[in-house]
Amino acid sequence: MEIPSKYNSKDVESKILKEWLDKGCFNADVNTLKEPFCIVIPPPNITGILHMGHALNSTIQDVLIRFNRMKGLSALWMPGTDHAGIATQNVVERDLAKKGVKKEDIGRDKFLGRLWAWRDQYGTTILNQLKSLGASCDWRRTRFTMDDDYSQVVKDVFISLYDKGLIYRGNYIINWCPRCQTALSDEESAHREIDGWLYYIKYPIRRMTDDGRRTTEYVVVATTRPETMFGDTAVAINPKDERYKGLKGAKVILPIVDRELKVIEDEAIDPEFGTGVVKVTPAHDPVDFMLGKKHGLESINIMEDNAVLNKNVPQDFIGMDRFEARAALIEVLEEKKLIDKKEPYKISAGHCYRCHTIVEPRLSLQWFVKMKPLAKDAITVVENDEIKFYPPRWKKVYLNWMNNISDWCISRQIWWGHRLPVYYCRSCQSSAVSSQQEKAESGKQIADSLKGIIVSKETPQKCPDCGGTDIYQDEDVLDTWFSSWLWPFATFGKTTDSELRTPNSELNYFYPTNVLVTASEILFFWVARMIMAGLEFKKAIPFRNVLIHGTVRDSKGVKMSKSLGNTIDPLDIIEKFGADSLRFSLMLLAASGSDVYLSDDKFLVGRNFANKIWNATRFLFLKINESNFKIDSLELEIPDVIDKWVLKQLNDTIDRVNSELENNRINEATKAAYDFFWHIFCDWYIEIAKDNFTQSKAKVLIYTLINALKLLHPVMPFITEEIFQIIKQQTSLDLEDFMANSTWPVKAALSFDGEEAKILEIVIETIKTVRNIKTDLNLGTKKVALEVSLKKDDNKFWETNKGWIEKLTFSAKISFKSNLERVLYRNDLWEINLGIDDIDTKNFLAALEKKTNNLEKVLGKAIDRLANEKFLHHAAAETVENEKVKVKDLTLQVGRLKDLIKAFEGGS
RNA sequence: GGGCACAUAGCUCAGUUGGUUAGAGCGCUACGUUCACAUCGUAGAAGUCGCCCGUUCGAAUCGGGCUGUGCCCACCA
């Protein structure tokens, strides 16, 4: 069979992928003979297309899954997608808008029909892209957060929380996105600094002077959002603020509107800020809302859903957008000379995490989850390290957030999502709702009327309170994350109590899962909430480890994002270099938890390595076929010292890769496997084996190749699988069907003393030194004779191995002499000279001097150290011993170098 | 305002409990076509480990301070 000299990733990857999937290599089931290992994928949005962040995230998971699968665990990687409420609705709305259609035009049912159609058509795009990356998920199990089973769990959870009193409905200031026209949770409102102004506005004080005239006094308030002044119902000062002692009883007038404002005193007011007087707008600011509640102020909502000013503002401003209104208002105030001054000011404003519109804090009737009770246990399990974070610093971030957690607004005014399992009896609610609305508008706090609210999985037939049958469901849907937080157990379908008690139900077998792999961005959105949900509903942690990886950035360190146009498309990289190259490069670059800086050329490492692997294999079979060797077993015949050396190195590498992977240090594991393959196996073992290519060598080569490939398989699954298949074809070895399902390497039992192989280390050092000397002598790889004098008259090793030593030192031939005219290199076992007459001593001497100087410095330090009483007293015996060996060694080396210098200076 | 990181070769980064002559990849320089691989091989140059102080016999590693960079949280009106 011809093996091409260039590795063709494209053909190989599609072929291998198909075989894996056809044969169900990634299927994982309950198997009581095996230990379970489970990862649930962070479900990508159905609107998503694969980006580098996914590639990084998924590769890490795949490496861990493949490693554990090969180690013999029942390794399940649960795949699926998230319905992504707002994001998906926005996409489909935009589609409709192109045709000039608004969702209201076609109505809720039809619109949802469009959404489902969209999801059927595009919703699995990203999963197919993950497949081409090599993600070894159990694809049979692919879940969607709006699957029927899943939705049942969502409802169960809502009802359960409601029954426990952990879900409530109330009127509070929430983050409102005027573009998406829905409430958002605090987490969904991302704070960003924007340039703005701090306006100082004069509010007149109405007070009669003694002679009965109005004063012209005013008080100055500072605000960044002047347009909200139409909703002001008070001004506030700090009670300790001496400057405004007299203000308490005064009548402060809201300009333009000409409404009288209360003056309130509150400790919360910072006298240092602005003028120390603050306008209070309870319906449009969280702090003001709190003040309003405390001081019994009215709330005046001045905006429509789309942030256009409503009828509660002066005629001229009705219908203006909030920012338009701000500009218009400033103009009017300036005209009236009511602007004292304005200063440039950085405003930290919430932005909708879906459309980046500036969020409007707004008083609104929404549903909330009480978080403090849920957080309690979720804090404990992390404090006790029942759940561990990698890297561990995230533990603090998590705990800090959890300890300051606030309630979660879960209702969304969109159509795509899980509709709240909440029903209202029209007759019971009509009175309640209308009074609620009145109160909302008048700003009085609303006492939640539970009458006529029915929380139920099914549509109730009649109202339990009044028996009425005029019942309607709440229009809102739940926050997407209200379904995502159930992912680690809801993906196992119906999780009834009885199933929970069944010892080997899938849920009980695979849950708690082993590790969750994610970016830090969704630590609060998702990770923290999953921990709370797991503990609350399954009475157990959802995962044991949380592995948080870095952010993908461009070569300048800027976060990759579509809007900035600095992305590298992983599919392009797969197309150009192959999925293995992409994966390998990412794993090598992504040190645990640190950000990954990428540019196209970063992927060359992976491509080059894949090619190296390919060619090493190709060469082996070229030689094996040429020699007509039959490889039918990997029983090692009579390993020579070189075989023993490489096997020892392989064993060490297996240890290393195991321990690094077990500690989630994938980059270190990748590097160890890479170093072994390239710099031990290819650079030395294959090179040496070329010279004396025996059947025995061929076996060791194949044995080492298979095991080295297995170590690389989790990171580079395609090429390693392909070569595994080639090995099966080319040999009569009894191997598993797929490397993906093969056993992880175990160390070979070596029946020799590790010392025995050390001679090879000495030979390698000799070879490197000879090459080095030749370079210093400007000989490069020119072939010259190599003269060897053996100190211990035993030249057996050299006789059997001189062929490859000649080659690797680029020597014409090796000859043995008892005495050398000149010694260019010497160790305990032998001396070396090169058969050359004219030596360019200039470079050589310079190099020698430099080396000598460096070594002498190091030697000096070591000698000083050993002369130091305190060092001898404090340092570990081993350290002292090492130091002594070092001195001995260096003294020898320096001595040799000086001899050499003397010899060459004396004329060669 | 609070918190968390990071700062090592031109670039991107390793360096696990303090003790090797501080490493790798890319880039750079020189040489090279030796039965796989030029997506290769050989050799080399290149770092006062951000700055200061401290602990220690000994610090890239531990502690404190400073400078710079990045990130997160907060009711920054």
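The values are calculated or read from the model by the stated rules, or taken from the named source; none is laboratory data. Every value quoted in this text rests on a predicted model; they were computed, and no experiment measured them. In this analysis, Cβ positions are derived from the backbone assuming ideal geometry, glycine residues included, and neighbour counts consider all displayed protein chains. Side chains included, ligands, DNA and RNA excluded: accessible areas come from the protein's heavy atoms. Shrake-Rupley method; radii C 1.70, N 1.55, O 1.52, S 1.80 Å.
Side notes on the structure shown:
- Residue match in the stretch A:570-592 (condition: touching a strand residue (DSSP E or B) at 6+ places or on another chain (Cβ under 6 Å) and more than 8 Å from RNA strand B (Cβ to nearest atom)): yes
- A:Asp210 closer than 27 Å to A:Glu458 by Cα, at pLDDT below 90, open to solvent by 10 Å² or more (accessible area, probe 1.4 Å) and more than 16 Å from RNA strand B (Cβ to nearest atom): no
Residues are listed down the side, and each one gets a yes or a no for (1) within 10 Å of RNA strand B (Cβ to nearest atom); (2) open to solvent by 40 Å² or more (accessible area, probe 1.4 Å); (3) not polar (S, T, N, Q):
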| position | (1), (2), (3) |
| --- | --- |
| A:Ala616 | yes, no, yes |
| A:Asn628 | no, yes, no |
| A:Asp632 | no, yes, yes |
| A:Glu635 | no, yes, yes |
| A:Pro639 | no, yes, yes |
| A:Asp652 | no, yes, yes |
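- Residue within the stretch A:814-832 that is more than 22 Å from A:Leu760 (Cα to Cα) and either in a strand (DSSP E or B) or within 12 Å of RNA strand B (Cβ to nearest atom) (or both) present: no
- One residue stands out among those in the stretch A:344-366 that are out of contact with any helix residue (DSSP H, G or I) (no Cβ under 9 Å at 6 or more places or on another chain) and under 26 Å from A:Pro421 (Cα atoms): the one that is farthest from RNA strand B (Cβ to nearest atom), which is A:Gln366.
Okay, residues lined up against (1) among the acidic types (Asp, Glu); (2) surrounded by 12 or more Cβ atoms within 10 Å (Cβ to Cβ); (3) within 21 Å of A:Glu765 (Cα to Cα):
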site: A:Phe797; (1), (2), (3): no, yes, yes
site: A:Gly835; (1), (2), (3): no, yes, yes
site: A:Ala862; (1), (2), (3): no, yes, no
site: A:His874; (1), (2), (3): no, no, no
site: A:Val894; (1), (2), (3): no, yes, yes
site: A:Asp899; (1), (2), (3): yes, yes, yes
site: A:Glu905; (1), (2), (3): yes, no, no
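- Of the strands (runs of 3 or more DSSP E) lying entirely inside the stretch A:245-302, those containing at least 3 residues that are within 11 Å of RNA strand B (Cβ to nearest atom) and touching a residue at least 24 places away in the same chain (Cβ under 8 Å) span A:278-280.
- Checking A:Asn171, A:Asn238 one by one, the residue that is under 46 Å from the mean Cα position of the chain (by Cα), of a type in the set (S, T, N, Q) and more than 16 Å from RNA strand B (Cβ to nearest atom) is A:Asn171 and no other.
- Residue identified as β-branched (Val, Ile, Thr) and farther than 30 Å from A:Asn8 by Cβ among A:Val715, A:Val746, A:Val700: A:Val746
- Scope the stretch A:303-335; condition of a type in the set (D, E, K, R) and part of a helix (DSSP H, G or I); matching residues: A:Asp316, A:Arg322, A:Glu324, A:Arg326, A:Glu331, A:Glu334, A:Glu335
- Residue in the stretch A:158-167 that is outside any helix (DSSP H, G or I) and crowded, with 21+ Cβ neighbours inside 10 Å present: yes
- For the stretch A:597-614, the set of residues classified as open to solvent by less than 40 Å² (accessible area, probe 1.4 Å) and within 7 Å of RNA strand B (Cβ to nearest atom) consists of A:Ala610 only.
- For the stretch A:687-727, a tally of residues being within 15 Å of RNA strand B (Cβ to nearest atom), without any contact (Cβ under 8 Å) to a residue 60 or more places away in the chain and within 24 Å of A:Ala669 (Cα to Cα) returns 2.
- The stretch A:655-682, residues that are open to solvent by less than 20 Å² (accessible area, probe 1.4 Å) and farther than 23 Å from A:Leu547 by Cα: A:Phe676, A:Phe677, A:Phe681, A:Cys682
- Within the stretch A:62-98, considering residues that are among the basic types (Lys, Arg) and assigned to a helix (DSSP H, G or I), the one most open to solvent (accessible area, probe 1.4 Å): A:Lys98
- The one condition in (1) more than 30 Å from A:Cys38 (Cβ to Cβ); (2) buried (at least 18 other Cβ atoms within 10 Å of the Cβ) that A:Lys110 fails to fulfil: (2)
- A:Ala222 among the hydrophobic types (A, V, I, L, M, F, W, C) and part of a loop (DSSP other than H, G, I, E, B): no
- Top-ranked residue of the stretch A:770-788 - restricted to ones that are of a type outside the set (Lys, Arg) and in contact (Cβ under 8 Å) with a residue 60 or more places away in the chain, ranked as surrounded by the fewest Cβ atoms within 10 Å (Cβ to Cβ): A:Asn778
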